[in-house]
Amino acid sequence: MKSKILILTSLIVLSNLLMAQTDTNVIYHDYNPDVILYGSYESTDSLSIDINQDSSLDFKFYYVNVSGGPYPYVKNMHDNCKYTLYSFINNYDSLNNPSINWLSGNIYWNSESFYDTIGIKIISGSDNYYGWIRTTYVNATPEEIIIDKYAFCKIPNYPFRLGQTEIITSIVSQESNDSTVVYVSDSGSGVVVQSSKTITNVSLTNIQGVVVSSQSYINSGNATISTAGFAHGTYIVQVKFSDGGVFTKQIGL
């Protein structure tokens, strides 16, 4: 079993070196070949992933040997990492939807709870960063956890979607049920936000992922961000509310 672990480690290192990244705003890693973790009574494999490449491990796949055999588990590896299973996100367009149920701790995968894509959220201060891991569990002898690929978006609060590997300029704006509207002023010198909810923060991010302007402690239903001197192009407006909700819209200047 020791030689198999050494081979697995070598494959992971080689896969890291061959990682293909087509968008500097997205960390994209495609294991080639896929990483396979085997579970047996003699020994078990595990894999920990640093999804945002900050030298801190975030998420782990592993087995636990019990009387009934090796059981596959997943867990977050620190408090600022949360995860969600496919059953909680398959009805939502992006991972920043406030209705998604985010989990902490370890979860045993059985035939009812396992799904092939896992959503990841990394919390940094008041910002959230999103990613996903695609994997498959095979209930065989020995059991297998197959990790295929993962992606992580480096733009804070960006409406990243399952399977997304690059920033797409034609993203669909996140709709709001409270008549929140975002538009460019008639003069073209500002972005206006109006909502029936209390706005606490508004930020404007360019398509390269750089926050070019922001306002905090607004505590009102109206806000305007000046865009004087900004280059023409696509921007992402992110609005935070006092109830913890987030609204995102793409605009063109």
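The values are calculated or read from the model by the stated rules, or taken from the named source; none is laboratory data. All values reported here derive from a predicted model rather than from experimental measurement. Positions of Cβ are generated from backbone atoms using ideal geometry, with glycine treated the same way; all protein chains shown enter the neighbour counts. Surface areas here come from the heavy atoms of the whole protein model, side chains and all, with no ligands, DNA or RNA. Shrake-Rupley method; radii C 1.70, N 1.55, O 1.52, S 1.80 Å.
Once the other residues with Cβ under 15 Å from the Cβ of Val66 are scored (Lys, Arg +1; Asp, Glu -1), what is the net sum?
-2
Cβ neighbours within 10 Å, averaged per peptide: list 25-33, 46-54 in order, most packed at the top.
25-33, 46-54
When the solvent-accessible surface of protein heavy atoms is calculated with a 1.4 angstrom probe, in what order do Leu37, Leu253 fall, highest first?
The residues order as Leu253, Leu37, largest area first.
Ordered by packing density, taken as the mean number of other Cβ atoms within 10 Å over each peptide's residues, highest first, how do 100-107, 58-65 rank?
Descending packing order for the listed peptides: 58-65, 100-107.
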